[in-house]
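Chemist: Can you read through this structure? Questions will come right after.
The values are calculated or read from the model by the stated rules, or taken from the named source; none is laboratory data. The model shown is predicted, which means the values in this text are computed figures rather than measured ones. Here Cβ is always computed from backbone atoms with ideal geometry, including for glycine, and neighbour counts include all displayed protein chains.
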Amino acid sequence: MNRDEASTSSRTPARGRSTAARQHTLREYNLALVSHALFDAPRPRSRADLAAATGLTRATVSVLVDQLIDARLVRELPPVTPQRAGRPAVPLTPAERTIVGLGLEVNVDYLGGTVLDLTGQVVAQEVVPGDLHGSDPAEVLGRLGALARRLVEEVEAQDMQVAGARLALPGLVDARAGRLQVAPNLGWSSFLPVPLLGLPERLPVEIANEANLAGLAQLAAPGDAAGPAGTRPRSGEPSGDRPGSTPDGAAPPVPSSFLYVSGEVGIGSAIVIDRELFLGNRGWSGEIGHVVVDPNGPRCLCGATGCLEQYAGKDAMLRAAGIALDAPIETFLDALEAGTPSALAAAVSAGTALGRALANFVNLVDIETVLLGGIYTDLLPHLRDAVTTELTTRVLASPWTELDLRPALVADHAAMVGGARTVLRDVVAAPSAWTTGD
Ligand SMILES: [Zn+2]
């Protein structure tokens with residue numbers, strides 16, 4: 001925790017200074033407590049609600065809430081007249097279009113950026129399709145940097161402030177060192193991507209694995225738990241509608257633990273346990289695309305043979321269906337709807353491979369819910385039977401439990417959404433960086 005490190009590492013020989021530092025840290029701690037209670041709440045809360053939820057006094061909460069309002073993290077809704085006698089309560093809600101997070105992504109067939117505000121709404125977005133197989137990192141990241149600058153200028157012109165950015169990459173990322181180890185489908189390896197974006201230093205950028213960020217995007221956004229009816233009174237959207245989700249607002253709530261599988265040209269996954277990513281020792285977990293389905297299968301770009309990607313990745317499916325690799329996934333979907341035999345066979349092959357990989361995972365890690373994202377969201381109806389057959393055959397516990405296989409809630413450009421939300425999660429967790437009070 002930065003605030004603890006900051007307070008313990010500061011050299012404070014004088015006793016008074018030490019006391020001041022402790023008080024400073026206590027204020028930061030309490031501010032984060034109130035911030036979490038407000039942003040994680042299922043509906044707008046009043047100052048009295050927050051005092052009850054945090055155990056702080058009403059007076060302390062009022063001071064801290066005022067600081068969050070001044071810092072533009074929180075805003076007041078019109079007062080609600082109480083049913084019994086007393087002062088009207090003022091509901092508090094995450095502020096719209098003030099402090100925002102930027103999610104950037106390079107994937108094999110597009111690059112782009114999404115800006116989200118604290119309510120979880122998309123306030124700016126730009127996505128550029130293109131074939132980035134075997135591309136030049138400096139050229140691609142230079143273009144993405146220019147795109148990011150356009151987005152930042154666009155939102156700053158509307159008086160929004162960008163808290164930071166996350167760059168999602170489809171490969172092994174050493175987030176601490178800021179190094180991309182390898183992204184097989186891009187043909188990129190072993191370099192520092194952030195400097196190549198050429199972004200100003202005032203905008204902190206971190207890198208992360210694309211599937212991990214897309215997995216985090218499936219969790220409710222800060223302030224989004226209430227559903228927009230509570231937190232976004234201006235828009236009047238139906239409850240359950242989230243940025244990037246399908247218009248259908250009836251999606252069941254995502255459990256706190258699940259596996260998210262992202263299908264693109266490559267296949268990644270995010271293991272989410274109790275709302276946190278299980279990253280593994282070095283942050284490299286979730287490489288389900290390189291789980292072996294058949295050791296005698298085709299060669300993969302990673303150097304091994306018979307990886308899941310070689311059956312259920314986008315290119316592999318299009319190739320098996322006899323469709324040009326630069327065709328959009330809709331061409332494959334149309335062929336499936338039309339009952340084209342080669343397309344149906346490709347879907348069975350992909351679903352079988354995916355089912356085998358998932359069966360291995362479920363046998364090892366007893367998780368009940370798998371969310372399918374990327375191109376799998378639309379393909380799921382065509383893959384489900386083959387996947388289920390493999391799960392039933394191979395999961396030891398299958399007679400007593402059924403895997404809940406469902407489309408991802410946030411499907412489109414989920415890694416960008418997840419990246420922007422991660423930036424905002426950091427803002428909510430350490431709001432004192434944005435306040436001026438002491
Ligand atoms: Zn592989």
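So that you can scan it fast, the table gives a plain yes or no per residue for (1) over 22 Å from Arg275 (Cβ atoms); (2) part of a helix (DSSP H, G or I):
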| residue | (1), (2) |
| --- | --- |
| Gln23 | yes, yes |
| Val34 | no, yes |
| Pro42 | no, no |
| Ala48 | yes, yes |
| Ala52 | yes, yes |
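Chemist: Quick one: Cys302 ticks every box in (1) more than 13 Å from the ligand (Cβ to nearest atom); (2) assigned to a loop (DSSP other than H, G, I, E, B); (3) over 22 Å from the mean Cα position of the chain (by Cα) except a single one, so which number is it?
Modeler: (1)
Chemist: Please enumerate the residues belonging to segment 282-292 that are within 28 Å of Arg176 (Cα to Cα) and without any contact (Cβ under 8 Å) to a residue 40 or more places away in the chain.
Modeler: Within segment 282-292, Ser285, Gly289, His290 qualify.
Chemist: Continuing with this model, one more query. Output the number of residues of segment 68-89 satisfying the condition of being at pLDDT 95 or above, surrounded by fewer than 21 Cβ atoms within 10 Å (Cβ to Cβ) and either part of a helix (DSSP H, G or I) or among the β-branched types (Val, Ile, Thr) (or both).
Modeler: Residues meeting the conditions: 2.
Chemist: Which members of segment 256-284 meet the condition of being of a type outside the set (S, T, N, Q), surrounded by 22 or more Cβ atoms within 10 Å (Cβ to Cβ) and within 16 Å of the ligand (Cβ to nearest atom)?
Modeler: Passing the criteria: Val261, Gly263, Glu264, Val265, Gly266, Ile267, Gly268.
Chemist: When Glu287 is evaluated against the numbered criteria (1) touching a helix residue (DSSP H, G or I) at 6+ places or on another chain (Cβ under 7 Å); (2) closer than 21 Å to Ala208 by Cα; (3) within 11 Å of the ligand (Cβ to nearest atom), which criterion, by number, is the only one it fails?
Modeler: Exception for Glu287: condition (1).
Chemist: Which one of these is at negative phi and more than 18 Å from the chain's Cα centre (by Cα): Arg166, Arg150?
Modeler: Arg150
Chemist: What number of residues within segment 305-349 are assigned to a helix (DSSP H, G or I) and away from the ligand (no atom under 16 Å from the Cβ)?
Modeler: Number of matching residues: 21.
Chemist: Specify which of the listed residues (Pro238, Pro295, Pro252, Pro247) is modelled with pLDDT of 95 or more, surrounded by fewer than 20 Cβ atoms within 10 Å (Cβ to Cβ) and farther than 29 Å from Ala177 by Cβ.
Modeler: Of the residues listed, the single one that is modelled with pLDDT of 95 or more, surrounded by fewer than 20 Cβ atoms within 10 Å (Cβ to Cβ) and farther than 29 Å from Ala177 by Cβ is Pro295.
Chemist: Does Leu92 fit the bill of being surrounded by 12 or more Cβ atoms within 10 Å (Cβ to Cβ), at pLDDT 95 or above and outside the structural domain of Gln23 (by TED's automatic domain parsing)?
Modeler: Taking the combined requirement at face value, the residue satisfies it.
Chemist: Still on this structure, I have one more. Kindly indicate whether Ala386 is in a helix (DSSP H, G or I), more than 30 Å from Gly103 (Cβ to Cβ) and in contact with a Ser or Thr (Cβ under 6 Å, 6 or more places away or on another chain).
Modeler: So Ala386 passes the test.
Chemist: Scan segment 193-204 and tell me whether some residue there is at pLDDT 95 or above and within 24 Å of Thr119 (Cβ to Cβ).
Modeler: Yes: segment 193-204 contains one or more residues that are at pLDDT 95 or above and within 24 Å of Thr119 (Cβ to Cβ).
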